[in-house]
Amino acid sequence: MGAVNDSRRNLQGYYREVSDALKTSLACQKHGKAERKNRVLARFPYFNMKFSALLPFALALFFMLIAGATERLLTADPLTGLPLHMATDSRLNLGNSPTRLPESLVCNSKIEADFYIVYNAKVDSVLSWYSSRLPDFKRTHAYVSGRSQDTFYAADGSLAVSVTGSAGKSGENTETYSLLYSRFQPALAEKTIIGLNQQKVICP
């Protein structure tokens, strides 16, 4: 019983980390946009000028600056090596590097996880994409805290990809909220992974 309670506390902390990661990512994105704007204006102060003759030149410099800052987009998650959906790119050329969450311990298994924000992609479309690319993975579905929750997991219980929907009604095809790639060492039992998808701790 003590082990289950410890796992439950670890799981609660784990989901807090996911929530904090989302808030931090969104804050960084906002800050990044403002910072880039300030840098452009500091480097090219004549962007603030109202003369229409300077507008084409200013726009050309702006797009050159953005193009130079473009990051290489990931096509696979670096932790698990599993395919990564393209909707993790915000379309603003900001890159799609993951937020690595702190390690957690559930049912005596170490959990490592990469967290991604998803942009402009419906849940059904994302689930279809992963179904076609992870044909050997099993899938479990739940509706928890007002959101859809689907997890694709390896038959041996070592890897998983969780797709969380935005807030909505059960069965609603909402926008995708986030992706979570997880690696379990040692591998978790199937019932434990299904429980995690329901935000429950079920140890063997």
Which ³J(HN,Hα) values, rounded to whole Hz and listed in residue order, are derived for region 195-204 from phi using the Karplus coefficients 6.51, -1.76 and 1.60 in 6.51 cos²θ - 1.76 cosθ + 1.60 with θ = phi - 60°, glycine and proline given as x?
x, 4, 5, 9, 6, 10, 10, 10, 8, x
Along the Cα→Cβ direction, 7 angstrom out, place labels at Ser125 and His141. What is the inter-label distance in nm?
1.9 nm
Length gained, Ser132-Met86, 0.36 nm per residue minus C-alpha separation, equals 15.1 nm
If you plug each phi of region 172-179 into the Karplus form 6.51 cos²θ - 1.76 cosθ + 1.60 with θ = phi - 60°, what whole-Hz ³J(HN,Hα) values come out, in order, with x for Gly and Pro?
6, 8, 7, 5, 6, 8, 6, 10
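Bear in mind these aren't lab numbers, they're just calculated from the coordinates by the rules spelled out. All values derive from a computational prediction rather than experimental measurement. As a convention, Cβ positions derive from the backbone with ideal geometry for all residues, glycine included, and neighbour counts pool all protein chains shown.
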